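Below you'll find the structure, written out as structure tokens, and then a few comments.
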């Protein structure tokens, strides 16, 4: 299990293998290489080289594999937020855990 944060520094949740979970216990994505896709195959964003989650706006229409959402897990205490990073041109912050 590897904890992840959004580009702005918000504690998001964790990766368990290829699956992305919010700290609220919701299975929201699956990693394919560095890309993250929703259960419907919609591109959500990617894991950047610093381990943060961000969304490339030019890839908003990208599609990936679909998958069945796993049953909810028990909510865990979010780790402390981290310092935000300057946003790269063409990117935006990854959606907040309660928005997915």
Taking residue 80 and the conditions (1) over 15 Å from the mean Cα position of the chain (by Cα); (2) surrounded by 14 or more Cβ atoms within 10 Å (Cβ to Cβ), which numbered condition does it fall short on, given that it satisfies the others?
(2)
Please enumerate the residues belonging to the range 8-26 that are under 10 Å from the mean Cα position of the chain (by Cα) and on the phi < 0 side of the Ramachandran plot.
12, 14, 15, 19, 20, 21, 22
Failed item in (1) touching a strand residue (DSSP E or B) at 6+ places or on another chain (Cβ under 6 Å); (2) more than 23 Å from residue 80 (Cβ to Cβ); (3) surrounded by fewer than 14 Cβ atoms within 10 Å (Cβ to Cβ), with residue 37 passing the rest:
(3)
Qualifying residues in the range 42-57 (those that are surrounded by fewer than 13 Cβ atoms within 10 Å (Cβ to Cβ) and in contact with a strand residue (DSSP E or B) (Cβ under 9 Å, 6 or more places away or on another chain)) - the one modelled with the lowest pLDDT:
51
Test for residue 9: is it touching a helix residue (DSSP H, G or I) at 6+ places or on another chain (Cβ under 7 Å), at pLDDT 95 or above and surrounded by fewer than 16 Cβ atoms within 10 Å (Cβ to Cβ):
no
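The values are calculated or read from the model by the stated rules, or taken from the named source; none is laboratory data. On a predicted model such as this, the values are computed, not experimentally measured, just so you know. Cβ: placed from backbone, ideal geometry, glycine included. Neighbour counts: every protein chain shown.
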